[in-house]
Amino acid sequence: MCIPHYEDHVERVKKLAVFIAKREGANVEIVEKAAELHDIARDEENHALKGAEMAREILEKEGYGEDFIEAVCHCIASHSFSSGVEPKTLEAKVLSDADKLDAIGAVGVARAFMFSGERGRSIEETLRHFEEKLLKLKDLLYTKTAKELAEERHNFLLQFYKQILKELNEVQNVFKA
């Protein structure tokens with residue numbers, strides 16, 4: 001089952017990944033294919049590892065060579081914040097960075113609240129997600145290009161986070177009076 005914003009997310013990550021790959025000198029073909037397939041197991045537990053397995057089957061059926069398949073599968077297995085697999089290649093770092101960039105900034109805020117709405121989470125639960133993950137992503141980027149792109153996005157995310165906390169606190173104080 002795909003979540004409604006899945007395809008838009010994949011397309012944005014692909015465009016970001018190709019842009020970063022070109023600027024950083026990574027293999028664009030590997031990065032682009034990995035980006036296209038990076039979330040095919042989105043609803044599975046540890047979607048990055050499961051996605052890499054699924055991608056291997058797809059790529060083998062499509063006739064890609066073993067080195068290409070290995071490279072793409074490593075990108076997919078290591079792209080996720082929570083997979084526990086460290087990206088070892090430039091291509092894997094590029095995909096990881098592109099995926100993280102799509103989770104911060106205005107798009108990241110929208111995605112976080114869309115996901116929370118789909119799961120029935122409160123604003124407060126969503127803000128915990130900001131604290132536990134989203135606000136940390138900027139410091140986990142690998143490439144110079146992604147770090148440059150992240151500055152404005154992170155600043156927006158942080159500004160939004162501070163503002164929503166302020167407004168929630170104001171409302172809470174009004175009801176105490």
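To keep it simple, each residue is scored yes or no on (1) of a type outside the set (A, V, I, L, M, F, W, C); (2) over 15 Å from the mean Cα position of the chain (by Cα).
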position	(1), (2)
GLU7	yes, no
GLU36	yes, no
ASN46	yes, no
ALA52	no, yes
PHE68	no, yes
ALA71	no, yes
HIS74	yes, yes
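Within the stretch 62-74, can one find any residue that is touching a residue at least 40 places away in the same chain (Cβ under 8 Å) and in contact with a Phe, Trp or Tyr (Cβ under 6 Å, 6 or more places away or on another chain)? Explain how you work it out, then say what you get.
Our first condition is that a residue be touching a residue at least 40 places away in the same chain (Cβ under 8 Å); within the stretch 62-74, this holds for 71-72.
So of that shortlist, the ones also in contact with a Phe, Trp or Tyr (Cβ under 6 Å, 6 or more places away or on another chain) come out as none.
No, the stretch 62-74 contains no residue that is touching a residue at least 40 places away in the same chain (Cβ under 8 Å) and in contact with a Phe, Trp or Tyr (Cβ under 6 Å, 6 or more places away or on another chain).
Which residues, counting only those in the stretch 1-35, are modelled with pLDDT of 95 or more and either of a type in the set (D, E, K, R) or open to solvent by 70 Å² or more (accessible area, probe 1.4 Å) (or both)? Of everything in the stretch 1-35, those that are modelled with pLDDT of 95 or more and either of a type in the set (D, E, K, R) or open to solvent by 70 Å² or more (accessible area, probe 1.4 Å) (or both) turn out to be GLU11, ARG12, LYS14, LYS15, PHE19, LYS22, ARG23, GLU24, GLU29, GLU32, LYS33.
Tell me yes or no: at least one residue of the stretch 36-47 is in contact with a His (Cβ under 6 Å, 6 or more places away or on another chain) and at pLDDT below 95.
Initially, the stretch 36-47 is screened for residues in contact with a His (Cβ under 6 Å, 6 or more places away or on another chain), giving 38, 41.
So of that shortlist, the ones also at pLDDT below 95 come out as 41.
Checked the stretch 36-47: at least one residue is in contact with a His (Cβ under 6 Å, 6 or more places away or on another chain) and at pLDDT below 95.
With the requirement that a residue be within 19 Å of ALA110 (Cβ to Cβ) and open to solvent by 80 Å² or more (accessible area, probe 1.4 Å), what does the stretch 152-177 give you?
As a first pass, look at the stretch 152-177 and keep what is within 19 Å of ALA110 (Cβ to Cβ): 152-165, 167-168.
Result: GLU152, ASN155, PHE156, GLN159, LYS162, GLN163, GLU167.
Per-residue answers, yes or no, for (1) within 21 Å of GLU7 (Cα to Cα); (2) open to solvent by 60 Å² or more (accessible area, probe 1.4 Å):
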{"site": "HIS74", "(1), (2)": "no, no"}
{"site": "HIS79", "(1), (2)": "yes, no"}
{"site": "ASP102", "(1), (2)": "yes, no"}
{"site": "MET114", "(1), (2)": "yes, yes"}
{"site": "GLU132", "(1), (2)": "no, yes"}
{"site": "ASP139", "(1), (2)": "no, yes"}
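For ILE58, state whether it is surrounded by 14 or more Cβ atoms within 10 Å (Cβ to Cβ) and closer than 25 Å to TYR161 by Cβ. The answer is no for ILE58.
The values are calculated or read from the model by the stated rules, or taken from the named source; none is laboratory data. Computed from a prediction, not measured in an experiment: that's the story for all the values here. Reconstructed Cβ throughout: ideal geometry from the backbone, glycine too, with neighbour counts over all protein chains shown. Surface accessibility is based on the protein's heavy atoms, side chains included, excluding ligands, DNA and RNA. Shrake-Rupley method; radii C 1.70, N 1.55, O 1.52, S 1.80 Å.
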